[in-house]
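To start, the structure under review is shown below, and the notes come after it.
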Amino acid sequence: MLPERLTTRRLLLRKFQRRDASAIVEAVRASLPELQRWLPWPHPGYGREDALAFIRESHQAWREGRAYDFAIRHLDRPERHLGNISIWYTSKTQRVGEIGYWVRSDATSGGIATEAAEALLDQGFGVMRLHKITLRIAVGNRASERVAEKLGFVKEGILRQELQINGRWVDHTLYSLLEHEHALRPRSFPVPDRPID
Ligand SMILES: CC(C)(COP(=O)(O)OP(=O)(O)OC[C@H]1O[C@@H](n2cnc3c(N)ncnc32)[C@H](O)[C@@H]1OP(=O)(O)O)[C@@H](O)C(=O)NCCC(=O)NCCS
């Protein structure tokens, strides 16, 4: 089980609570054009019921030890929802997992996704004992490809028509990071990730 709260230099990553629903809705609505362009689930009517269903499923996944979703918040402004980051097992027996994230549009290009992902990769290779973590990025999503590059992910190849986004089947690039590659990568910032009481 991962810690329910992690901190990085600037960020608090924590398990979702039911009362996060309206903050999630606000962030999704404020970021809809960008989210809809690259992810399969956002839609113009995204509302409280969607957010509550997400939180319920997220809690279920935590309980079952299958997936760990975190709300991304600034340490000094924790009420504002900055985005989501998740890590989940794709094969427990083979110790393979996957990571995914989004950041609200008015907070992008400030290093948030990279900083949050670095913390979750530490958990993935640490507590979850993964040996490989993958990342699927829609072809053309340069911002996310840049995040992958900054984290040291290696491009494996193209997954044809992997996900349906906005009614269109979209090819994705499969990236992966191996445990030893993550361990050897120089840190851009200290990562003091530890549970907070
Ligand atoms: C992808 C996403 C998570 C990046 O979050 P972020 O907090 O801005 O990420 P970072 O700031 O850590 O890194 C983004 C990098 O991409 C760069 N970038 C942003 N837009 C870009 C573009 N159109 N072309 C090239 N580079 C771009 C930024 O300059 C930054 O690189 P730098 O640090 O070298 O300057 C965010 O844009 C997002 O949520 N997009 C919509 C949903 C999505 O695509 N999720 C990922 C699915 S795989």
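Shape index of segment 1-81: Rg/Rh, with Rg the Cα radius of gyration and Rh the Kirkwood radius from the inverse mean 1/r over Cα pairs, equals 0.97.
Averaging the Cα positions of each part gives two centres, and for segment 1-33 and segment 50-115 these lie 7 Å apart. From least to most packed, judged by other beta carbons within 10 angstrom and beginning with the fewest, F54, F70, F16 follow the order F54, F16, F70. Within straight-line reach of K92, meaning a Cα separation under 20 Å, sit the following lysines at least 8 residues removed in sequence or on another chain: K132. When DSSP beta bridges are restricted to pairs lying wholly in segment 62-163, around 85% turn out antiparallel. Taking the empirical scaling 2.2 N^0.38 Å for compact globular proteins as reference, segment 5-184 has a Cα radius of gyration ratio of 0.98. Taking the Cα centre of segment 5-184 as reference, the dipole from Cβ charges on Lys and Arg (+1) and Asp and Glu (-1) amounts to some 320 debye. Taking only the Cα atoms of segment 65-105, the radius of gyration and Dmax are 12.9, 39 Å. Measuring r between the beta carbons of L184 and E49 and using R0 = 41 Å, the FRET efficiency lands at 0.35.
Just so you know, all these numbers are worked out from the coordinates, no wet-lab data involved. Owing to the predicted nature of the structure, the values given are computational and were not obtained by experimental measurement. Cβ sites come from the backbone with ideal geometry, for glycine too, and all protein chains shown count toward neighbours.
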